[in-house]
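A short worksheet on the structure shown next.
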Amino acid sequence: MCKRILFAVSMIVILLCNLPGCGGGPGSREEKIYQQTIDAFFGALDAGDADGIRRLFSSAVVSGDADLDDRIQQLITLYPRSKTTVMFRGMPAGEYTQEAGKRKAVAYATFPVVSDRTYYWTYMELIYQDDFAPENVGLNCVHFYTADEYCIFYHAENSEVPLDIGLSVYAQQVLDTEVRCIQSYPYAFVPYERDLNLPEMESFIEKNRDLEAFTNLFGMPNAQGDLGTCYYALNGADGVSVYLELGTQGNKIIYANLVDDLEYIRSILEEKS
């Protein structure tokens, strides 16, 4: 997972549901504010509305980032500008400071978006309350990645989200392989001409956890993850790809799940404790 250097604050809360006044679940005030900001950002981006994007950033960012307008234009030029589907799920992470009756609240998350059938990833940090410095309220930083760039970043050792304020657009590096979104994360994907049968794979795993025997029968995985995970592409309903996720340790399969591009679907083989 991506790692992040936290700001020095007197009180840090990892989940926003722990903030005072939060409803503690979907539909909370903090989640709504964050979701509304995401929708406004990509609505303006789809429309090519540079002013609409700029207005979402805090006045401190607008006045302090001399390159903001150029980067907004860079993003508008790069982006397909068709209707975006935002794949943000659940609560964002957050930081919260309280001192002498004043509060500061920050929400942030990294999530995939799809436009013109192409995946991108966005890290978005929103300061939605700052009694210490009201000029900081608004978007503090947005990091926009093409799929190739985020795949390189996500799988890099000791990766950390940059702390630069304003807008950063990462679109220079290109991989020599396809990148697919699997469970909301990017993976280098190797296509194979084959028709895998999930019931046969499930039956094998239930009887034999030997990884070498599995690959000898079904072939190499389409994608390799971190910490011993790998993925086999299957044909789902209506041509939508689903994946068999294997968790491995050495030459042993320790768990197996069925997943799709965004989410876990079901367990096939549970890891023994």
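The values are calculated or read from the model by the stated rules, or taken from the named source; none is laboratory data. Bear in mind that the values here come from a model prediction, so they are computed numbers and not experimental data. Here the Cβ positions follow ideal geometry from the backbone for every residue, glycine too, while neighbour counts run over all protein chains shown.
Would the stretch 9-16 turn up any residue that is farther than 23 Å from Tyr154 by Cα, outside any loop (DSSP other than H, G, I, E, B) and at pLDDT 95 or above? Before the answer, list the steps.
Step one: of the stretch 9-16, the residues farther than 23 Å from Tyr154 by Cα are 9-13, 16.
From what's left, outside any loop (DSSP other than H, G, I, E, B): 16.
Next, from what is left, pick out any that are at pLDDT 95 or above: none.
For the stretch 9-16, residues farther than 23 Å from Tyr154 by Cα, outside any loop (DSSP other than H, G, I, E, B) and at pLDDT 95 or above: absent.
Filter the stretch 199-212 down to residues that are more than 19 Å from Glu271 (Cα to Cα) and either surrounded by 12 or more Cβ atoms within 10 Å (Cβ to Cβ) or touching a strand residue (DSSP E or B) at 6+ places or on another chain (Cβ under 9 Å) (or both), then give me how many there are.
Counting residues in the stretch 199-212 that are more than 19 Å from Glu271 (Cα to Cα) and either surrounded by 12 or more Cβ atoms within 10 Å (Cβ to Cβ) or touching a strand residue (DSSP E or B) at 6+ places or on another chain (Cβ under 9 Å) (or both) gives 0.
Checking the condition assigned by TED's automatic domain parsing to the domain that holds Arg81, at pLDDT below 95 and within 23 Å of the chain's Cα centre (by Cα), which residue from Glu95, Glu99 passes?
Glu95
For every residue, the table says whether it meets (1) over 22 Å from Tyr145 (Cβ atoms); (2) acidic (Asp, Glu); (3) outside the structural domain of Thr122 (by TED's automatic domain parsing); (4) at pLDDT 95 or above.
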| position | (1), (2), (3), (4) |
| --- | --- |
| Leu196 | yes, no, yes, no |
| Phe214 | yes, no, yes, yes |
| Ala223 | no, no, yes, yes |
| Cys230 | yes, no, yes, yes |
| Gly239 | yes, no, yes, no |
| Tyr243 | no, no, yes, yes |
| Leu246 | yes, no, yes, yes |
| Leu258 | yes, no, yes, yes |
| Leu262 | no, no, yes, no |
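Please identify the pairs in which a residue from the stretch 48-69 that is under 11 Å from Asn140 (Cβ atoms) has its Cβ atom under 9 Å from the Cβ atom of a residue that is aromatic (Phe, Trp, Tyr) and modelled with pLDDT of 95 or more, counting only partners at least 6 apart or on another chain.
Taking only residues 6 or more apart or on different chains, the pairs are Leu56/Phe41; Asp65/Phe57.
Can you find even one residue in the stretch 252-270 that is touching a His at 6+ places or on another chain (Cβ under 7 Å), at negative phi and in contact (Cβ under 8 Å) with a residue 40 or more places away in the chain?
no
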